[in-house]
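Beneath this line is the structure, given in structure tokens, with notes to follow.
The values are calculated or read from the model by the stated rules, or taken from the named source; none is laboratory data. Computed from a prediction, not measured in an experiment: that's the story for all the values here. Neighbour counts run over all protein chains shown; Cβ positions are idealised from the backbone, glycine included. Accessible surface is based on the protein model in full, side chains and every heavy atom, while ligands, DNA and RNA are left aside. Shrake-Rupley method; radii C 1.70, N 1.55, O 1.52, S 1.80 Å.
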Amino acid sequence: NPAWEQALGYTLAEVVGRQVQELESWVAPPEVQQEIFEGALRGGWRGEIQNRHKDGRLIPFSLATNIVRGADGEPLATIGISRDITEERRLQEQVARASKLAAIGQLAAGVAHEFNNLLAAMSGYAQLTQAEPTPQMMQRLIDVVLEATARGAEITKRLLNFARPAEPRRQALSVFQVLDAALALVQHDLDQAHIDVSRTYPPEIPPVWADEQQLQQVFVNILINARQAMPEHGSLHLEVVSPRRTCRGPECVGVRITDTGPGIPPEDRERIFDPFFTTKGPPSSSGQGGTGLGLSVAHGILEAHGGLIEVDSRVGSGTTFSIWIPVAREAAEAPTSEPTAAQRAPSAATPGLSVLLCEDELPLRDLLTQVLTDRGHDVVAVAAGDAALRLLRQRAFDVVVTDVLMPRADGTEVLAALREHRPDCSVVIITGQADWATTEGLRAAGAQAVLPKPLQLQEFVEAVEGTATQATESP
């Protein structure tokens, strides 16, 4: 009909009278045709297909088919009604892009709010100290800066976990042990708030297949939420539930954490897993408030595990979080990795190392140069990757310290050049993108240590001197 001709570009004369096999270049593939025909015989088929336009483009169509039967009930023919849904798909993509941009905007606004709070405190105390540089004010400024950088580092870490959840290092675990370990971390806070804790741990619960550190983080985040929901007193009940099959598919062991707090209003329940959504106000030194990232991180971790997190809450009746973790089925424990250079016990100071430092941020470059120089090392500092590559062609270094994201050649290029031309040189990577995938990729590429920013200076020194000692001792 004319609508078909217009949608696919073929005329009536080009189609009528031809065998369907000749038209397979522009109608649905044979296996799809078979599925549609069998569906029509069973009472009708509805779905979406793609037909090819005369000019080669694939056009999306919705299709509904049925069987035309004779007086004796025998099928005589199929009849189908199709509709070009190109414009619908275009509008859906626009809506999806708009929704994604809105989510990114909300995330950016949350990040800006959190970091502006940190910057405001540091800037304010710096201005006061500049006007009144007393020892007391200087000490207060130092305390504020250290507290703000620690909070900023935690926000960044959780944000990276949300954006790029680490690939879990799974092994068979006792859910009781992981839950008790998480509880031990927050037990002091629970005692301070006079919160009673009870447990229901049934026997013969199978081990779960999970990353121990990540699973513990999920439990800690939810326990902290419960503690903050009951600031003065209350009850907390931990229950381990026998395995059941979840909507995600695998058989899972359940953990229910129930508090007697005020509950979550209906308008908030749909948003509690959104990043930076919090009803607790900004973080404070008293332990109240939150970043709004804990539950979103927990959700991402469980999703990466193939598990599930659910919430059941009524205003005035408390809240229950149900965490479902896949059961370990005939799975050997994941092999433990060798400790990294930064994790090994550091050796005594190794003065006289030749160090190439590649860092594009001037204040950090000057700081690290000063720290290493004070330790007796010979440091050459550059601000770009191409400068580092030129120096590596000219002379040998004991250790190369490099950031990842740098102008004109990044840290991965420097690392690749070293592994090819100077395999005896130790490499320490410093990066603000120290998520699990990035860290493991850099180690696999040959980095002896990968340190997250903001740096702990003692850890940095131990990594530089420790990796150099190991390189010297290697056969």
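Calculate what fraction, in whole %, of the accessible area of segment 366-467 sits on carbon and sulfur atoms when a 1.4 Å probe is rolled over the protein chains. That fraction is 50 percent.
Given R0 = 22 Å, the distance between the Cβ atoms of Leu367 and Met122 translates into a calculated FRET efficiency of 0.85. Length gained on full extension, Asp189 to Ala13: 55.3 nm, using 0.36 nm per residue less the C-alpha separation. The portion of the accessible surface of segment 165-268 made up by carbon and sulfur, rounded to a whole percent, is 49 (1.4 Å probe; DNA, RNA and ligands excluded). Full extension of the segment from Asp55 to Ala416, taken as 0.36 nm per residue of separation minus the current Cα-Cα distance, would add 125.3 nm.
In this calculation the C-beta distance from Asp143 to Arg169 is compared with R0 = 25 Å, giving a FRET efficiency of 0.10. Here the spin labels are modelled as points 7 Å beyond Cα on the Cα-Cβ line, and at Arg271 and Lys453 they lie 3.3 nm apart.
The candidates Trp324, Trp4, arranged from most to least accessible area with a 1.4 Å probe in the full protein assembly, appear as Trp4, Trp324. Using the Cβ-Cβ distance between Leu41 and Ala181 with R0 set to 56 Å, the FRET efficiency from 1/(1 + (r/R0)^6) comes to roughly 0.45.
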